[in-house]
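Where a number appears in this text, it was derived from the coordinates with a stated rule and is not lab data. Owing to the predicted nature of the structure, the values given are computational and were not obtained by experimental measurement. Here the Cβ positions follow ideal geometry from the backbone for every residue, glycine too, while neighbour counts run over all protein chains shown.
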């Protein structure tokens, strides 16, 4: 993980008024993630004068806990106050920025989509609940879970990865429970209905390698309109979201199963494992075999 640290939030240093910054906390290709990432708010914020320009992460889910101090958060165009014991839920693709009061204490937990998918595979409505950007009131179980994640992440005890996966599942579950309660500090920010319907369709049909036109037809809209809505919400065209969903499943299978690369290719609807390997390498910048080896390491 030490080779990844220098890339954390580097893109926040850039100032842009023409487009929303979009980047990966860990780097999109060569710099692969740990099981997850956790750091204090202070250790990153002091490097950037406690200010983070609006940006988004295409493949990462973040949960922030403010233990003391505060400031303001920008979530999908809304400016909201941060107070002690605020919990901030930021799903992948959502635009967010922060202005922390100097000295603010708390944690930022970041989950790559491979782990998020694994945790939420049998989670029912929790996936949809967690797809809302919002600020909540953190209760004691959430605070305890976040602190434990911080301890485990910074250590190197046996079964560290297993314990972190379990703690992340607990954090997401407790966050989903908090989102569902009515005592949220602000109303959750709803995603466009069309985008939600597209995401549901994508989950059903990505293994069939549907094209943009297929999804548009199923949703009774034009491909142009669907692409416009998706790009406004995520910064990516529909075609990229479709490809990313397939590659996300590929990464999950490589990281968390013992299936051969050929079996994974066939499972994902590729008739030629060699072609799958070329697509994966072009998308991730590393071969499936190298990705699996790095995750295992």
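Tell me, what is the FRET efficiency for residue 151 and residue 222 to the nearest 0.05, using R0 = 51 angstrom and their Cβ-Cβ distance as r? Let's see the in-between values first.
On the way: r = 51 Å, r/R0 = 1.00.
For residue 151 and residue 222, the calculated efficiency is 0.50.
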Check your understanding: Full extension from residue 257 to residue 181: what is 0.36 nm times the residue separation minus their Cα-Cα distance, to one decimal in nm?
Key -> 23.9 nm
Exercise for review: Would you mind calculating the relative contact order of the stretch 38-124 from Cα pairs under 8 angstrom and at least 6 residues apart, reporting the percent as a whole number?
Suggested key: 41
Check your understanding: If you take the C-alpha gyration tensor of the stretch 193-296, multiply each eigenvalue by 5 and take the square root, what semi-axes do you get, largest first, in whole Å?
Key -> 28, 14, 11
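Would you kindly state how much longer the chain becomes between residue 266 and residue 121 on full extension, computed as 0.36 nm times their sequence separation minus their alpha carbon distance, in nm to one decimal?
Numbers: separation 145, 0.36 × 145 = 52.20 nm, distance 2.05 nm.
The residue 266-residue 121 span can extend by a further 50.2 nm.
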Revision key, fill the gap. With label points set 7 Å from each Cα along the Cα-to-Cβ direction at residue 296 and residue 240, the distance between them in nm comes to 3.3
Study note, to complete from the structure: Taking 0.36 nm per residue of separation between residue 193 and residue 68 and subtracting their Cα-Cα distance, the length gained on full extension comes to 41.4 nm
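How would you rank 76-83, 283-290, highest first, on the average number of other Cβ atoms within 10 Å across their residues?
Details: 76-83: 14.4, 283-290: 16.6.
Ranking, from highest mean packing down: 283-290, 76-83.
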Practice item. Please provide three numbers in whole Å: the alpha-carbon extents of the stretch 83-231 along the principal axes, with the largest listed first. Key: 48, 36, 27
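Going by average Cβ density within 10 Å per residue, which order do the peptides 226-235, 59-68 take, highest to lowest?
Values: 226-235: 18.5, 59-68: 21.7.
The packing order, highest mean first, is 59-68, 226-235.
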